[in-house]
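Student: Have a look at this one before I ask anything.
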Amino acid sequence: MERKFIGGSQQISKKIAEKLGKDKVFTNSPVISINQEAKDCVKVKTLQGKEYKTKYIILACPPAIQMKIHFFPQLPAIRNQLMQRMPMGSVMKVILYYRSPFWLEKGLNGTSMILGEEHPMFYSLDDTKPDGSFPAIIGFVTGDKCRKMTHLSAEDRKMAVAESLAKATGCPEALKPIHYEEKNWMEEQYTGGCYTAMCPPGFLTRYGRALRKPIDRLYFAGTETSIKWSGYMNGAVEAGERAAREVLHNMGKISQDQIWIEEPVSLDIVPLPFVDSFGERYMPSVPGFMKMITFFGIIGASTFACLKYPRLLGLLRK
């Protein structure tokens, strides 16, 4: 489900760090190596040269970013291959600020899905503050459109997005933003993209079992490893709790059947489930679809041949 936090969702991370204490949370400390060669501990080394010792490691960064870390001993072959095959998505977040929420004045809610190669922005939402101040539309530029937009200047990107919004809403006021902000997640060294790692066709059937599989005292979390809401904050929380319970089970603190626990439903905002159509529920995989086409193609060709050439049917019976 989509929710907004007054003051921003980063408060969650900041409050958790505050509760844990500065002596337990270290920012700006990229990990460059994880060493499990010792029998009694795991050694973690940072880019600044600091070394930490622990009994267990939970790695919650995207698989592609894990390739920046040196592992001792080296990781299993399947894990190495997995990390190479999960690239981060290409996403840019843009925010257009206006003097007034013209979309509300015209009976629109600010949400739009814009299709077509000529439109860079794929999805937009109203980002006005809860008290009505700072009227704004937030949007997302994704995939090839995002990669193409990186070759433009910030001013050209602003106008391209504004033109898309103007056409989608039918409001010429969209062409006159008073301020523009953008974030190109592809530029981030320690994410490499957004919102999550992408699974190309066939990836999960070949490597899916290794996605969450622990390696000695190394456990894997992160939204990419969640079983629900992968790519979202919900998925990240679920994966982190599951990985923590895996460690607790290894320590003998909980039983194995306590590892996988469903997150309780919020009593404040009850989620509405997505209802899949019949086709979505029973649609075969790409290989299965091709086999189905081949099978029915053979049946169809055989039926056609027998009807058109009945003598052939008689020969087949003999």
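None of the figures in this text is laboratory data; all of them are computed from the coordinates on show. Predicted, not measured: the structure shown is a model, and the values here were computed from it. Neighbour counts run over all protein chains shown; Cβ positions are idealised from the backbone, glycine included.
Student: For the chain, with a Gaussian network of springs between Cα atoms less than 10 Å apart, report the residue from V286, V94, V44 with the top mean-square fluctuation.
Tutor: Of V286, V94, V44, the most mobile in the Gaussian network model is V286.
Student: Still on this model: In a GNM of the chain with a 10 Å cut-off on Cα contacts, which of R85, R209, R217 has the highest mean-square fluctuation?
Tutor: Among R85, R209, R217, the largest mean-square fluctuation in the Gaussian network model of the chain belongs to R209.
Student: Would you please give the FRET efficiency between K24 and N250, computed as 1/(1 + (r/R0)^6) with r the Cβ-Cβ distance and R0 = 30 Å, to the nearest 0.05?
Tutor: That gives a FRET efficiency of 0.90.
Student: Let me ask something additional. If one computes P(r) from the Cα atoms of the range 1-159, what percent of pairs lie at distances over 26 Å?
Tutor: Summing the P(r) of the range 1-159 above 26 Å gives 54 percent of all pairs.
Student: How large is the dipole of the chain about the Cα centre if only Lys and Arg carry +1 and Asp and Glu carry -1, each at its Cβ, rounded to the nearest 20 debye?
Tutor: 1380 debye
Student: Taking only complete DSSP H runs, can you tell me which helices of the chain stretch 15 Å or more along their own long axis by Cα positions and average at least 0.0 on the Kyte-Doolittle scale?
Tutor: Within the chain the helices that satisfy the rule are 286-308.
Student: Computed FRET efficiency, Cβ-Cβ of Q81 and E163, R0 51 Å: what is it to the nearest 0.05?
Tutor: 0.75
Student: Now for a different question. Mind jotting down the distance between the C-alpha centroids of the range 36-53 and the range 212-257, whole Å?
Tutor: Taking the Cα centre of the range 36-53 as reference, the centre of the range 212-257 is 21 Å away.
Student: Take the residue pairs K68/K183; K15/K129; K167/K228 and return only those whose Cα atoms are more than 26 Å apart.
Tutor: From K68/K183; K15/K129; K167/K228, over 26 Å: K167/K228.
Student: Go through P120, V44, V237 and say which Cα lies farthest out towards the positive end of the charge dipole of the chain; charges sit on Cβ, +1 for Lys and Arg, -1 for Asp and Glu.
Tutor: V44
Student: P(r) of the chain in 10 Å steps, Cα pairs, percent per bin?
Tutor: Distribution as computed: 5, 18, 25, 22, 16, 8, 4, 2, 0 percent.
Student: Another one. Express the Stokes-Einstein translational diffusion coefficient of the range 180-228 in µm² s⁻¹, to the nearest whole number, given a Kirkwood radius over alpha-carbon pairs, 37 °C and a viscosity of 0.692 mPa s.
Tutor: In µm²/s, the coefficient is 250.
Student: Still on this structure, I have one more. Select from M67, M292, M233 the residue whose mean-square fluctuation is largest in a Gaussian network model of the chain (Cα-Cα springs shorter than 10 Å).
Tutor: Between M67, M292, M233, it is M292 that shows the largest mean-square fluctuation.
Student: May I pose another question? Using C-alpha positions alone, give me the convex hull volume of the range 20-79 per residue in cubic angstrom.
Tutor: 104 Å³
Student: Over the Cα atoms of the range 129-232, what Rg and Dmax result, in angstrom?
Tutor: Over the range 129-232's Cα set, Rg and Dmax evaluate to 19.0, 59 Å.
Student: Based solely on its DSSP helices, what 222 nm [θ] is calculated for the chain when runs of n ≥ 4 H residues each add -39,500 (n - 2.57) and the sum is averaged over all residues, nearest 500 deg cm²/dmol?
Tutor: Computed mean residue ellipticity for the chain: -10000 deg cm²/dmol.
Student: Also: From the phi of every residue in the range 87-96, what ³J(HN,Hα) in whole Hz does the Karplus formula 6.51 cos²θ - 1.76 cosθ + 1.60 yield, where θ is phi - 60° and glycine or proline is x?
Tutor: So the Karplus estimates, Gly and Pro as x, are x, 7, x, 9, 9, 10, 9, 10, 10, 10 Hz.
Student: Report the Rg/Rh value for the range 210-266, based on alpha-carbon coordinates and the Kirkwood definition of Rh.
Tutor: Computed over Cα atoms, the ratio is 0.97.
Student: Roughly what would the spin-label model give for Y190 and E37, points 7 Å off Cα along C-beta, in nm?
Tutor: Calculated label separation equals 2.6 nm.
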